[in-house]
Each structure stands twice: as C-alpha cells, then as structure tokens.
1. For the chain, what does -39500 (n - 2.57) per DSSP helix run (n ≥ 4), summed and divided by total residues, give at 222 nm, in deg cm²/dmol to the nearest 500?
2. Can you give me the convex hull volume of the Cα atoms of the stretch 210-342, divided per residue and expressed in Å³?
3. Charges on Cβ only, +1 for Lys and Arg, -1 for Asp and Glu, centred on the Cα centroid of the chain; of PHE245, SER277, ALA128, which one is farthest towards the dipole's positive end?
4. Once both labels are modelled 7 Å past Cα along the beta-carbon direction, what's the LEU25-TRP190 spacing in nm?
5. Given Cβ point charges of +1 (Lys, Arg) and -1 (Asp, Glu) and nothing else, what value in debye, to the nearest 20, does the dipole of the stretch 84-155 about its Cα centre take?
6. Lys and Arg at +1, Asp and Glu at -1: add these up for the other residues within a Cβ distance under 12 Å of THR64 and post the number.
7. When the convex hull of the C-alpha atoms of the stretch 1-145 is computed, what volume per residue in Å³ does it have?
8. DSSP loop GluC sites (Glu not before Pro) in the stretch 1-101 with at most 14 other Cβ atoms within 10 Å of their Cβ, which ones?
Amino acid sequence: MLLMTEKKTNPDMLMKKHLSDTVALALAGVTTSHGWTLKKAVQSGIDNPDSSIGVYAGDPESYTAFATLFDPIIKEYHRYDMSGHKSDFSLAGLPVENLDPEGRYVISTRVRVGRNFQKYAFPSAISAEDRAAMEAEIVEALKGLPGTLQGEYYPLDGMSEENRQKMIADHFLFKQGDRFLESAGVNRDWPKNRGIFFSLDKRFLVWVSEEDSMRIISMQPGADIAEVFTRLATALDFINQKVQFAFDPVRGYYTTCPTNLGTAMRASVHIRIPKFSASPDFEHTCKELGLSIRGIHGEHSESADGVYDISNKRRLGITEREIYSQLYQGVKKLIELEKSLE
Ligand code: ADP
Ligand code: ARG
C-alpha cells in the first residue's frame, strides 16, 4: 500500500477546496491577538502540495477568526454537523477483555490526546518567552500525579543524541516536526523548551511543545485497550484540575491541526497482520471500520513486517467512549480476518 511519503500534488486538499476567492478576500485583513493570519494558516498547504488538509491554527482565536475557512474543513474532515462536542470517558457496559491475550497480533496499544492552553498561542505561533513560561507551568502541573503516574520531566535541550534517538526508535519520544509542521512554524527555536515527562514504567507520558502544547499519552505492550484508556482518563482527571485548556463547546479541545479537534484523541494499536494487510481489501476494510492506517514510526512513515499502526480517524463528533469502542471492534475484526487467512 502507498503511505504518504512522496510529494505528489493532492487535488483534493481541503484548504484548496474551501479557500474560494471570496473567502480569501474576506479573511485577508484578519489577524488574531497572537498574530495569526490567513497567510500563516495556509502556508503549510502551499509549501506542501501533497497535504490532505493544508491549514494550521496559531491560537484558540484562529478557529473563530478564520471560521469561514476552517469550519467547512472541520465539517468535511470529521463528517461533523457542528451540533456540539460531547465528552464521555466511561466504559460502563462495554467489552473490556483483552482481545489478544497470547500476544500473537497486537504488539502495543497507545491512547493520546492533544491539549493546548487557553492563554497561550499554539506551538505554531507561540513566542520563545511564552514557550518557556508554558513549559515551567506544565512541569509544575505534573507534580503530584497519583501513584504509578508519577514521573520526571526530561528537556530535549541537553539530552544526549544517543538517548534521544533510542527514545524515538522505542516510540516514546517525538522527532522534530516534519515539513508540514516546519511550514506552520512549529519548529521555531528547536529544541528549546520542548521535552518529555514520563512515569517510571514509561506507560504514562506527556510531550511538551510538539505539534500541540501537550500530548498526553498512555501506552503499554499488548492488547489491553481498556487499561490503557483508563490510565489516560485518570491522568486527565488530575491535569484538568491544574490547567485551563483551550476548549470550545462546538469544536471541542482546540488543537493546532483541525484534524485533531474535539476529543483530540487518537487510540491506536501496533498490529501484526501480514496476510490481511497484503490483501486488496485492507485499506477499504479499515476505512469501513472508521480506522486510519499509519506506518510503525508514526504518521508519514512506512510499515515493516506486516505491522501497522491502526487508529480512529475521527476525533470530533464522536466521544472518547465511542473511539474506544471503534478501536476495540476494529481490532477484533482485523484479528478475525487475519486468522481466516492463516
Ligand atoms: P500521534 O499523532 O498520535 O502523536 P504519531 O503518528 O506522530 O502519533 O506517532 C508518534 C509515536 O507514537 C511514533 O513513534 C509511533 O510509532 C508511536 N505509536 C503510535 N501508536 C503506537 C502504538 N499503538 N504502540 C506503540 N507506539 C505507537
Ligand atoms: N498538514 C498535514 C496535511 O494536511 C497533516 C495533517 C494531519 N496530521 C497532523 N499531524 N496534524 O496533510
């Protein structure tokens, strides 16, 4: 299958589709309080003609200031009617048993959410000064996490290259932003005031100032999706009391990229399905199940040995509980299909 590594022009880029001359004219003079403009919002799509979306926001205000461009993109990407964001982290009544207790298919499970501050610009637009202040606030907020969630913060600046590469290869740490994020301004002042917090067992992690100000992550080997999900929910209950996140009743949690709005949740497994993934039905089946396919080193990477990163496509117009269910049922189906070909 083709993953998006080469720079082909995407005729269906949502920015191009929705940026009519009328919209461009109406938004031409608009600047948010953190200095985000139409030019900055669309720069990534212009520089990267293979983009699927092609826009980024600079701050919470971008979503209202540039709503005539952003809202149609949001509606189309998430298939969302703007009727209001609903959150539900409960798993009551849902199946929670491990789908692959022998570990034949599912290598690991990860659930993350993106979060940004109400008072700061997003990593695309934040000043060096605010980035430093925000980092200090995040480190402070993560102090006192309960039980096994407790951990330490490790700034990127000053981390040994060997350690950094190992943590990336082991799927814990983020890389410098790709060309899409570079054009959106996210890599400015790299690697200053970026870093990673993790618990002793590396099952709870927080990325600081990657694409979003915070990426809050729960992950572990194996297929216990319920345990991974519940750990994240517990951590969020705690962090929500400490930080005022940027949130909108219609668009949910505000994120740098419109694809992450709403729950801002991506729940994924690394799953080994060499037979089914080689079949012509693979992409279509995942699409029907509401699942996206990524390579094993994350977005825009390739797969290896029939192992894929499978996750929910929608993040808005869906609750966290529904995302859990979608991944759970999807993984169940993919394992059945792989077994039927063995
Ligand atoms: P996100 O947008 O969710 O942060 P990326 O695609 O950028 O995701 O991936 C970030 C890192 O997380 C990569 O190293 C990727 O391989 C890793 N990752 C994603 N899902 C899983 C998983 N289920 N198990 C282990 N690592 C994962
Ligand atoms: N801007 C890129 C595009 O439009 C990536 C979009 C989704 N990925 C992300 N990391 N936000 O194709």
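Coordinate-derived values only; no laboratory data. Just so we're clear, the structure is a prediction, and the values are computed from it rather than from any experiment. Counting neighbours? That spans all protein chains shown, and the Cβs are built from the backbone with ideal geometry, glycine included.
1. Numbers: 12 runs with 116 residues, N = 342.
Calculated from helices alone, the mean residue ellipticity at 222 nm is -10000 deg cm²/dmol.
2. Numbers: hull volume 15.4 nm³, N = 133.
Hull volume over Cα atoms, normalised by residue count, gives 116 Å³.
3. PHE245
4. That separation, rounded to one decimal, is 3.9 nm.
5. Numbers: 8 positive and 10 negative charges, 38 e Å.
Charge dipole, the stretch 84-155, about its Cα centre: 180 debye, nearest 20.
6. On the way: positive: ARG251; negative: ASP59, GLU61, ASP71, ASP248.
Here the count lands on -3.
7. On the way: hull volume 29.8 nm³, N = 145.
Each residue corresponds to 206 Å³ of Cα convex hull volume.
8. Details: sites: GLU6, GLU61, GLU76, GLU97; in loops: GLU6, GLU61, GLU97.
Qualifying residues, ordered by number: GLU6, GLU97.
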